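The structure under discussion appears below in the form of structure tokens.
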Amino acid sequence: MSVEFDKFREVLDSRYSQDDIALIERAFEFAKTAHDGQFRVTGEPYFAHSAAVAAKLADLKLPSAVIVAGVLHDVPEDTSKTLQDVIDEFGDDIASMVGAVTKLGKVKYRGEDRYAENLRKMFVAMAQDVRVIFIKFADRMHNMETLYALEEKKRIRIAKEVLEIYAPIANRLGMGEYRGLFEDYAFKYLQPKEYSWTQHLLEERVKKFGPAMERAIKSVDFELRKNGVQGVELHGRVKHCYSLHRKLLRYKSDISKVYDIVALRILVKDIPACYGALGVLHGLYTPLPGRIKDYIAQPKPNGYQSLHTSVFDEQGSVLEFQIRTHQMHEENEYGVAAHWRYKEKGTAPNERQVRWMEELALIQKELSTSDFMQHLNELKLDMFSDRIFVFTPRGDVIDLPEHSTPIDLAYAIHSEIGNKAVQTRINGEIASLDTPLKSGDLCEIIVDRNRKLPNEDWLGFIKTRHAREKIKDALRGSKPGLWSSLMKHVR
Ligand code: MN
């Protein structure tokens with residue numbers, strides 16, 4: 001097809017089968033036609049965004065279905081093609097991912113707390129399918145790359161959300177590369193002065209340590225090979241800007257205490273080779289006391305594994321080395337996404353869900369420790385396994401206990417909506433008011449303004465205490481019971 005697909009094909013060729021590539025190409029055609037005539041604020045054709053998202057997912061080496069869903073992610077929301085068209089053309093699995101990303105986009109911003117709360121619930125609602133988060137991450141990453149094109153207010157809002165929600169989740173999922181990039185993009189827009197100052201420091205450091213690193217790479221590579229360490233690969237890495245900023249705050253801006261601004265990475269074949277390489281390294285250079293960290297024996301809470309050590313080189317410069325296997329490196333950079341590579345369609349959802357739920361419990365812990373998230377603690381997400389998350393037509397997510405009904409939802413929104421509810425539509429279909437709702441349902445409550453009272457029968461099927469109390473309140477208020485006669489008396 002087009003020039004852009006031919007370019008992309010080169011990337012795909014090394015990683016995907018011919019069938020996969022044909023499927024991805026079909027999705028390109030479909031999305032390109034659907035978005036035809038649409039443009040982004042940057043002035044580019046809209047489709048450039050879809051292609052960029054697909055490329056990022058391919059870089060993560062995710063299965064072709066995820067790439068296809070990435071190409072299509074804005075189709076039902078922004079074009080005349082519907083989700084049904086996507087189902088007809090690409091099947092249920094891909095369409096369900098597209099649908100979930102579309103729903104996520106529907107959360108509207110109304111105040112900071114509400115937004116964070118909504119988004120957080122969204123991530124939980126998507127617990128069924130972590131692939132959706134990879135698509136959302138790729139989508140947001142491309143939006144960050146083109147954020148300059150937006151007006152300032154919007155830029156700040158999006159940057160804040162990325163720093164406070166996306167980056168911690170990427171970290172928790174062990175996606176170090178995404179976390180670092182999210183933080184750096186957000187930092188640039190939220191604290192432009194600090195950003196350029198820190199960026200300047202980084203550049204200075206690279207200039208200063210560049211030659212020492214080049215020298216070290218050569219001699220270490222030589223020594224490792226001479227000692228028979230297998231599968232050696234060496235490269236330099238520069239600390240992410242925001243990560244340095246955070247560290248400088250901790251060390252009261254004393255940059256001389258930060259040893260890992262530039263570091264050398266040694267990738268080797270297996271774990272014994274990691275410790276072997278550490279021995280060789282310490283034979284070559286003098287280690288700094290107290291700077292050896294064994295994250296292989298004791299991984300960080302997000303799963304990060306590596307050996308860290310700082311040494312003095314021949315000229316007395318301090319250099320940090322990070323030693324790990326190739327596999328650890330992939331997992332450190334891409335986290336949960338690395339586990340998803342080349343996975344076949346139809347992996348047992350249970351196995352998948354179990355691991356994801358474990359991840360989620362940890363995410364919840366991490367998010368709630370940060371100040372920003374502290375006021376959200378009352379959500380008690382650790383109990384989410386028996387909760388469901390239902391969408392309203394306005395894009396809000398309401399969490400309810402399992403088996404809740406549209407009436408429970410109505411009272412959760414507002415007691416007047418509950419009192420005046422007459423009908424409901426679940427996922428667009430008229431349904432009875434006692435239908436048990438499921439996670440991910442889009443539920444609309446139809447009210448009759450003239451209706452005065454709730455139906456007493458509702459008490460027989462509702463699940464929430466909140467609805468029960470509100471219904472009883474309303475019914476009680478309508479009868480000249482003890483309470484109203486007492487009030488008359490007082491008056
Ligand atoms: Mn998008």
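Please treat every number below as a calculation from the coordinates, not as lab data. On a predicted model such as this, the values are computed, not experimentally measured, just so you know. Ideal geometry is used to build each Cβ from the backbone, glycine not excepted, and the neighbour counts take in all protein chains shown.
For the pair GLN315 and ASP294, the difference between a 0.36 nm per residue extended length and the Cα-Cα distance amounts to 4.9 nm. Summary of packing: across the peptides 202-209, 250-257, 55-62, 132-139, the per-residue average of other C-beta atoms within 10 Å ranks them, highest first, as 132-139, 55-62, 202-209, 250-257. Contact order, relative form, for the stretch 192-334: 23 percent (alpha carbon pairs under 8 Å, 6 or more residues apart, mean separation divided by residue count). The alpha-carbon atoms of the stretch 200-324 define a convex hull whose volume equals 109 cubic angstrom per residue. Computed from the C-alpha gyration tensor, the three semi-axes of the ellipsoid equivalent to the stretch 397-458 are 18, 12, 10 Å, from longest to shortest. A simple charge model with +1 on the Cβ of Lys and Arg, -1 on the Cβ of Asp and Glu and nothing else charged puts the dipole of the stretch 192-334 at about 400 debye relative to its Cα centre. The label-point distance for LYS208 and ARG40, in a model that sets each label 7 Å from Cα toward Cβ, rounds to 3.7 nm. With the simple model of a label 7 Å out from the Cα in the direction of the Cβ, ASP19 to ASN427 spans 2.7 nm.
Peptides 88-94, 406-412 ranked from most to least packed give 406-412, 88-94, packing being the mean of other C-beta atoms within 10 angstrom over each peptide's residues. The length gained on full extension between GLU145 and ARG157, counted as 0.36 nm times the residue separation minus their Cα-Cα distance, comes to 2.8 nm. Using the Cβ-Cβ distance between GLU233 and HIS282 with R0 = 25 Å, the FRET efficiency computed as 1/(1 + (r/R0)^6) comes to roughly 0.80.
Summary of packing: across the peptides 317-327, 284-294, the per-residue average of other C-beta atoms within 10 Å ranks them, highest first, as 317-327, 284-294.
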